[in-house]
Each structure stands twice: as C-alpha cells, then as structure tokens.
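Q: What follows is a structure written as structure tokens; I'll ask about it next.
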Amino acid sequence: MGLSQSLAQRQGQSLVMTPQLSQSIKLLAMSNIELASFVENELEKNPFLEAGKDATAPVEMEPVPTPEISEDSIKLDGELQTSANALESDLGTSVENVFPDEQDYRSDEKAARQELSTPSSASEFSQNGLQIAGAASTHDTAIADYTADQPSLHDHLDEQLAMSGASRQTAFIVRNLIEAIDESGYVRADIEDMAARLSVSTVAIEAGIALLQSFEPAGIGARNLAECLRLQLAERNRFDPAIAAVLDNLDLLAKRDFAQLQSVTGLSIEDLHDSLNEIRTLDPKPGFAFRPELVEHVSPDVMVSESPDGAWRIELNSDTLPRVLVNNTYAAEVKKHLRGDEERTFLSECMQNASWLSKSLDQRAQTILKVAKEIVKQQDAFLVYGVTRLKPMTLRAVADAIDMHESSVSRVTSNKYIMTPRGMFEMKYFFTTAIGGTSTGEAHSAEAIRAQIRALIELEEPSSVLSDDAIVAALKITGVDIARRTITKYREAMNIPSSVQRRREKRAAAKAREASGSVGSLQAAE
C-alpha cells in the first residue's frame, strides 16, 4: 500500500487562551500576598488605574461595584467602548465566566509559566512571573529585600576559623572540612579520601576536625549523632558515665527498649530517666539554626462567624481584598492631548486592561465567596462539634454543587485561608477522602479518623496500650470500617510510635515517677 499526502479540512471547537483569560485564571490561584504584589505592580504600570479606599472592617461581599464608564468620557476614532459587550468583542473572550477551564491548563507547563503580555508601545501588561502552577514567585525576593541578612553556616564557621589563629595548613584543612559540612552540621566526608586528596596525613585531618568541633554551635562538625550529642554534653559539662552509656546504645533508645537499655547500661531507672531527659534537650541537627527560612504572615481570605439567629455569616476579609478603580476623569483629560495613532492605541489598551482587571478582581472575590459558602454549608457539623464531625468532601462535589469546573475550585482553595470559630484553616483542609462505615453506610472523613486515633492513644494507660488491631476494633464500635494497614499508615504519618514502643516508654515513665515519689517520701520522712 503506497503512502500519499493529501489536504483535508475539518471543523472543530477549541478554547482559545487569550491573555485576559490567562490573567483571570492566574488571579484566581494567587494568594492574597501575591495578589497584593501584582495589583501594586499594575498600579505602577497603568496610568488609568488607582487604588480604591481601604475598608476598616470586613464587609459582607455583595457584588463589588465596578466603575461605570460614561458614554461621553472618551471617544477615539468614534468611540472607545469599555462595556461588557465591547470587551467581549474586542478581547475575544467572555467576561461572564472568566474561569471556564474546560481544559486543564496545568498540563501545559509552558503556558502556565509564560508571562502575560500584550503589545504596547509604552508599557507591557505582565504578571512579572508571579507563581502560578509552579512558576517562580517574586514575593520571596521582595521579602528577602527587607529582612536582615543572616550569615550561612559556612560563613559563620569561616569567621570563627579566621579568629582561631590556626596555622596555614590547619586552616586549609578546616576550610575543606567546612565545605564538606551538610546543612545539618555533620561532616560526611571520608577522612582517608580527604587526606589523600589534600596530600596530608589522617592525623592532620583529625586535628582539623577537633578544631572545627570547638566552634559554635556546639555539636558542629560531628561525624554521627552520638558524637554530636557528646560534644553538646561536654560543652555543658554534663557528659558523665551514665549518659555515655546511653549514647553507646542509641539503637536501643531509638527502639524505646528501655528495659534492655537499663540492662545493658546497668543504670537505675531513675538515672536512666534523668539521662533521657538531658538528651531530649540537645539539638541533633545544630546546623539547622543557620538554615534560611522565609516566614510569611498568613491572613484569612474568608471570615466565618455565628449570627445572632444561629446561622453562619460568611464574609470576605476586606484587609486582604485589593480594590482598583478606573480613573475616567484622567483618561478624558489625556485624550484631549493625543497626537497620533500610537498614543491612541496605547490609551485604548490601557483603558481596556484597567477595566478588565477591575472585573477580574470582582469575579475572583465572588468566586472565592461562592466556594466558601458551599464549604461552610457542607461542613456545618465541623464548625459546631469539631474535627470528629468533619465530613468527607471532594473538589468535584463542591464544583457540582455550585455549577463550576473542578479545576476552578482547586485554584480557589489553593493558598486561601478561612477563619472559623474553631481556628484558621487552609481551604484544602476540608477536602478529605472518605472511609466507609460499618452498618449505617455513612462515610467518615480521613481527618476525623486521624483525630479519633490520636484521642484513643492519648487515653492509653501503661498496662493497656492499644495495638493497631485494637484500634481497628475500637473504631468499629463507633461505626468506622477501616483496615489495620490504614491505621498503621495514619499513625506513622502523625509520628506516633508503635504499641510496643509506646508501652516501653509509658512503663519507663511510670517507673521513674514511682522512683521519684519514693525518694521524695524518704526525704520527707528524714
């Protein structure tokens, strides 16, 4: 069968990703911090935008009034139209629902990272790379510009090396050791390999490590956990034979096998308990103190409070809601002094972009409020009774209830926070998987199950520690049908040790309390 080329004409439908539609989708996914930075940038670039007045208190969100543009405000080449119908016609998209999302733009990573721009002779209409679907955020840099510089771990150690008065060879060795330190503060390099690479003896490397370990913070330059803890105890003058015996058996300590640990070390239960309390005050990763961390203040986007009639009042937080207005007066004044087609085009684009941004912000606010109302409606029992009454809920269920696409709900709930009478939560917190019930058929939220597991374990006694199978049986009594392996997975995710380890720890703590009580009684009798 021969191959041949031919031309064919097909008719189909596709969603065109206009710059304005892309902007609206990105605005929806932004956090309030990113949105404030973006709006501030647009206010600087667009001469016809101005910031609206800030409200002093949260107000219940009715449709935010959009500045109306009078018919005679601006006329270029007949008339500059900025009404909804004109925008739809000129920009090639709809303003009624700027988040249709019939296709998943997250799969198109290049489109999600691309900077939004429209041709302009004097200005570019862009988002400056704000983080959307994994794109880099300029907010991190802005925060870093206004925070005090914190020296890195390597810089901190280099400064101490310069003040140590070490010989040139020792300083050379220690500098290489500093480069080999990881972020935890440990030297992971092999001594023999480093000695061969630097053409020095292993004795010289050991001397360099000893000098490095004398630097601050205590425990820096250790080669393993036991050595790191030993250095910190020596710095406090607390390194005694009892603690040394415990550090030589860290594997038993990690397993919480206190009975075997007591047998191997020969310590009394009281001495063992004191040694463990001392070890708990140490820092196993001293290098983390110099790890740069960006701390951002989280503000709620939605406020939920109880009304006098018992209903829930849902409001947008006006403090995190930027407002922009289109300055028609200034635009009308500018249009009197236009001198050419290039300036006319620039004025037209600025006005259209300003009007579109105002409408997009209004649409974003209404969409967030719409999703928040549905979350509160479905999670009413959580607000009244707490996490044990949290219901399983999916993005699709909310999207179907409010007639919106699932990906739009996902964007709304990302990096958005809601303040409730039970605290502030990320909106994503309320979306959990369902665990089946035993007889009633009612599903239970995975987060509620984790809370029940935590409560059962907190009520344990040393003589009746619950195994994972026992927790399964206890939950079945409450109507939860869950597998043992799921209990194990949830328990490990909450950093709760196994029943064997918990039993050892509780028994050791009980014996320590008994020993302390006996000593106290003896002292009182004397």
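The values are calculated or read from the model by the stated rules, or taken from the named source; none is laboratory data. Nothing here was measured: the structure is a model prediction, and the numbers come from that model. Cβ sites come from the backbone with ideal geometry, for glycine too, and all protein chains shown count toward neighbours. Calculation scope for accessible area: heavy atoms of the full protein, side chains included, ligands and nucleic acids excluded. Shrake-Rupley method; radii C 1.70, N 1.55, O 1.52, S 1.80 Å.
Q: Test Phe425 against the criterion of being surrounded by 12 or more Cβ atoms within 10 Å (Cβ to Cβ), at pLDDT 90 or above and either more than 28 Å from Ala254 (Cβ to Cβ) or out of contact with any Lys or Arg (no Cβ under 9 Å at 6 or more places or on another chain) (or both), and give yes or no. Spell out the reasoning first.
A: Details: surrounded by 12 or more Cβ atoms within 10 Å (Cβ to Cβ): yes; at pLDDT 90 or above: yes; either more than 28 Å from Ala254 (Cβ to Cβ) or out of contact with any Lys or Arg (no Cβ under 9 Å at 6 or more places or on another chain) (or both): yes.
Judged against the criteria, Phe425 is a match.
Q: If Cys228 passes every condition in (1) in a helix (DSSP H, G or I); (2) open to solvent by 30 Å² or more (accessible area, probe 1.4 Å); (3) within 30 Å of Ser275 (Cα to Cα) but one, which one does it miss?
A: (2)
Residue-by-condition table, conditions (1) of a type outside the set (D, E, K, R); (2) in contact with a Phe, Trp or Tyr (Cβ under 7 Å, 6 or more places away or on another chain); (3) open to solvent by less than 20 Å² (accessible area, probe 1.4 Å); (4) modelled with pLDDT under 85:
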| residue | (1), (2), (3), (4) |
| --- | --- |
| Gln262 | yes, no, no, yes |
| Glu270 | no, no, no, yes |
| Thr281 | yes, no, no, no |
| Pro292 | yes, no, no, yes |
| Gly310 | yes, no, no, yes |
| Val324 | yes, no, yes, yes |
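Q: Kindly indicate the residue of the stretch 5-32 that is at pLDDT below 80 and open to solvent by 20 Å² or more (accessible area, probe 1.4 Å) and also farthest from Ser414 (Cα to Cα) among those meeting that condition. Talk me through it step by step, then tell me what you get.
A: At the first step, the residues of the stretch 5-32 found to be at pLDDT below 80 are 12-24.
If we keep only those that are open to solvent by 20 Å² or more (accessible area, probe 1.4 Å) too, we end up with 12-17, 19.
Numbers: Gly12: 33, Gln13: 30, Ser14: 27, Leu15: 24, Val16: 24, Met17: 22, Pro19: 22 Å.
Result: Gly12.
Q: Restricting to the stretch 326-345, and then to whatever is basic (Lys, Arg) and touching a residue at least 60 places away in the same chain (Cβ under 8 Å), can you tell me which residue is surrounded by the most Cβ atoms within 10 Å (Cβ to Cβ)? Walk me through how you get there before you give the answer.
A: Our first condition is that a residue be basic (Lys, Arg); within the stretch 326-345, this holds for 335-336, 339, 344.
When the remaining residues are screened for being touching a residue at least 60 places away in the same chain (Cβ under 8 Å), the result is 335, 344.
Numbers: Lys335: 18, Arg344: 15.
The residue in question is Lys335.
Q: Here is a follow-up. Is it true that some residue in the stretch 207-224 is part of a helix (DSSP H, G or I) and acidic (Asp, Glu)?
A: Taking the stretch 207-224 and keeping what is part of a helix (DSSP H, G or I), we get 207-212.
Remaining after also requiring acidic (Asp, Glu): none.
No: zero hits.
Q: Quick check, is Leu198 buried (at least 19 other Cβ atoms within 10 Å of the Cβ), in contact with a helix residue (DSSP H, G or I) (Cβ under 9 Å, 6 or more places away or on another chain) and more than 21 Å from Ile279 (Cα to Cα)? Don't jump to the end; show me each part of the working.
A: On the way: buried (at least 19 other Cβ atoms within 10 Å of the Cβ): no; in contact with a helix residue (DSSP H, G or I) (Cβ under 9 Å, 6 or more places away or on another chain): yes; more than 21 Å from Ile279 (Cα to Cα): yes.
The answer is no for Leu198.
Q: Now for a separate question. Given the residues Ala473, Ala483, Ala443, which is the only one that is at pLDDT below 85 and out of contact with any helix residue (DSSP H, G or I) (no Cβ under 6 Å at 6 or more places or on another chain)? Don't jump to the end; show me each part of the working.
A: Values: Ala473 fails: at pLDDT below 85; Ala483 fails: at pLDDT below 85.
Step by step, each of Ala473, Ala483, Ala443 is checked, and only Ala443 is at pLDDT below 85 and out of contact with any helix residue (DSSP H, G or I) (no Cβ under 6 Å at 6 or more places or on another chain).
Q: Mind counting the residues in the stretch 410-420 that are in contact with a Phe, Trp or Tyr (Cβ under 9 Å, 6 or more places away or on another chain), open to solvent by 60 Å² or more (accessible area, probe 1.4 Å) and not hydrophobic (A, V, I, L, M, F, W, C)?
A: So the count comes out to 1.
Q: Quick check on Lys359: is it farther than 17 Å from Gln23 by Cβ, buried (at least 16 other Cβ atoms within 10 Å of the Cβ) and at pLDDT 85 or above? Outline the logic, then answer.
A: Numbers: farther than 17 Å from Gln23 by Cβ: no; buried (at least 16 other Cβ atoms within 10 Å of the Cβ): yes; at pLDDT 85 or above: yes.
The answer is no for Lys359.
Q: In the stretch 313-340, what residues are within 18 Å of Thr420 (Cβ to Cβ) and acidic (Asp, Glu)?
A: Scanning the stretch 313-340 gives Glu315, Asp319.
Q: Among the residues of the stretch 205-225 satisfying the criterion of being loosely packed, with under 15 Cβ neighbours inside 10 Å and of a type outside the set (D, E, K, R), which is nearest to the chain's Cα centre (by Cα)?
A: Only one residue fits best here, namely Asn224.
Q: Here's a follow-up. Can you give me the number of residues within the stretch 365-395 that are touching a residue at least 12 places away in the same chain (Cβ under 8 Å) and either among the aliphatic types (A, V, I, L, M) or open to solvent by less than 10 Å² (accessible area, probe 1.4 Å) (or both)?
A: The qualifying residues number 16.
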